[in-house]
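Read through the structure below, which is laid out as structure tokens, and then see the notes.
Rule-based calculations on the coordinates, nothing more; no lab input. Keep in mind that what you see is a predicted model, and the values were worked out from it rather than measured. Here the Cβ positions follow ideal geometry from the backbone for every residue, glycine too, while neighbour counts run over all protein chains shown.
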Amino acid sequence: MKCVICKHGETRRGHTVVTLERDGTLLIFRKVPAWVCTNCGEAYVSEEVTEQLLEAAEEAVRNRVQVDVRELVPVTV
């Protein structure tokens with residue numbers, strides 16, 4: 001897929017880091033599977049992975065976590 005940000009690079013399977021912050025909770029997810037642009041590094045995360053990240057974030061906020069760094073283990077169906 002052509003990168004929609006830089007319009008020059010192609011995306012390849014890879015990993016990225018996603019940082020989420022809400023209500024005093026900071027979450028850093030490492031090794032998130034994504035399609036990454038070979039030119040600018042922009043990362044595109046699938047809908048399924050995004051849902052998994054948001055569910056983990058909601059749980060962390062409910063548990064009043066302040067800072068958490070995780071390696072994402074994708075759920076397989």
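See the values below:
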| read-out | value |
| --- | --- |
| From the coordinates shown, volume of the Cα convex hull per residue in Å³ corresponds to which of [x] 96; [y] 81; [z] 260 | [x] |
| Difference of contour (0.36 nm per residue) and Cα-Cα distance, Ile5 to Cys40 | 11.8 nm |
| Selection from Val61, Cys37, Val73, by position along the positive dipole direction of the chain (Cβ) | Cys37 |
| Point-charge dipole on Cβ atoms (K/R +1, D/E -1) for segment 11-71, about Cα centre, debye to 20 | 280 debye |
